[in-house]
Structures are given as C-alpha cells and as structure tokens.
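**Q** To start, I am sharing the structure in question, which I have written as structure tokens.
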Amino acid sequence: MILVDTSVWIDYFNGVDNPKTVKLDGFLSSTVIVAGDLMIAELLQGFRHDKDVEIAQSLLAHLEQAQLCNTEIAIKSAQNYRLLRKQGITVRKTIDCLIATYCIDNELPLLFSDRDFQPFVAVLNLKDALNL
C-alpha cells in the first residue's frame, strides 16, 4: 500500500514520462494505492476542463480513500515542522507537512516528486515509494 502525492498525479495526468509516473503506472496494476483527501482536493483544483475532472474523479474513486488530517496529525505535523526548522530546514507548504506526517505515522510509503518531502525522508524516516 502506498500514497501518491499530487506532484506525481499531475505529471501522470499530463502524460509526463518520468521515473515517478512509470512507477505509478506499475503500482496501479499491482499495489493498493491510497487517495488522500488533501491530494484529491489539490489535484482536482488544477484541471481546466470539466471532462478532465470527471476522468480523474473516476480513476480516484477506484482507489482506497483516506482522510489524512485530524487533530492528532495536525499536532504531530507541527512538531515535525518545528524539528526540521531547528535543523535549518524550512518546509514550504503546510499541506506537505501534513501528508508526510500521515505517511510516517501510518508507515505508508509516499511516491512524490516535490522536493519538500526530501527532509522527511532524510531526517524523519518517511519511506520513499520510488525505492520499493
């Protein structure tokens, strides 16, 4: 089971061929993929055409669904952000802290291309699904 970040979904739906989208394509036929509510919101906001939104929603509906944020994850996310900041690392987006913290807390590998997740891999043992 893995979680896929919006950064990879965007490339996937845009037909970008890179190691992350190739890995996602393989996972779609062999692994349980979790569609997080935060990623669904980010992804669907980016489509310009209603037909593309319908296609994406249809695909995402077949995946395992997860609510990524609650008070416990929010507090742990803030703690992780502060821990990284104390080491001189500033994560640019709160939503990335929430996603990474959810994955760490649930021992769920994350497939991503957003560089904000790298410190979570290096310092907080986030599992990078590209290496599975």
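Values in this text are rule-based calculations from the coordinates and carry no lab data. Just so we're clear, the structure is a prediction, and the values are computed from it rather than from any experiment. For neighbour counting, all protein chains shown are included, and Cβ atoms are generated from backbone atoms with ideal geometry for every residue, glycine included.
**Q** Need the full-extension length gain, SER58 to ASN131, defined as separation in residues times 0.36 nm minus the C-alpha distance. One decimal, nm.
**A** Roughly 23.5 nm would be gained on extension.
**Q** For region 2-131, what is the relative contact order in percent, using Cα pairs closer than 8 Å and at least 6 residues apart in sequence?
**A** RCO, region 2-131: 30 percent.
**Q** Of all the C-alpha pairs in region 2-131, what % are more than 22 Å from each other?
**A** For region 2-131, the share of Cα pairs beyond 22 Å comes to 34 percent.
**Q** Between LEU44 and ASN14, what is the label-point separation in nm under the 7 Å Cα-to-beta-carbon projection?
**A** The answer from the label model is 2.1 nm.
**Q** In a Gaussian network model over the chain where Cα atoms closer than 10 Å are linked, find which of LEU111, LEU59, LEU38 has the largest mean-square fluctuation.
**A** The residue that fluctuates most here is LEU59.
**Q** Still on this model: Please compute the net charge surrounding ASN70, taking Lys and Arg as +1 and Asp and Glu as -1 over other residues with Cβ under 15 Å from its Cβ.
**A** -2
**Q** Okay, next question. If Lys and Arg each add +1 and Asp and Glu each add -1, what is the summed charge of the other residues whose beta carbon sits under 13 Å from the beta carbon of ILE104?
**A** -3
**Q** Considering only the other residues whose Cβ falls under 15 Å of the Cβ of ASN18, what net charge follows from Lys and Arg at +1 and Asp and Glu at -1?
**A** That sum, taken over residues with Cβ under 15 Å, equals -3.
**Q** Defining a contact as two alpha carbons under 8 Å apart and six or more residues distant in sequence, what relative contact order in percent does region 59-132 show?
**A** About 27 percent, as a whole number.
**Q** Further question: What value, in deg cm²/dmol to 500, does the helix sum -39500 (n - 2.57) over DSSP H runs of n ≥ 4 give at 222 nm once divided by the residues of the chain?
**A** So the calculated ellipticity at 222 nm is -17500 deg cm²/dmol.
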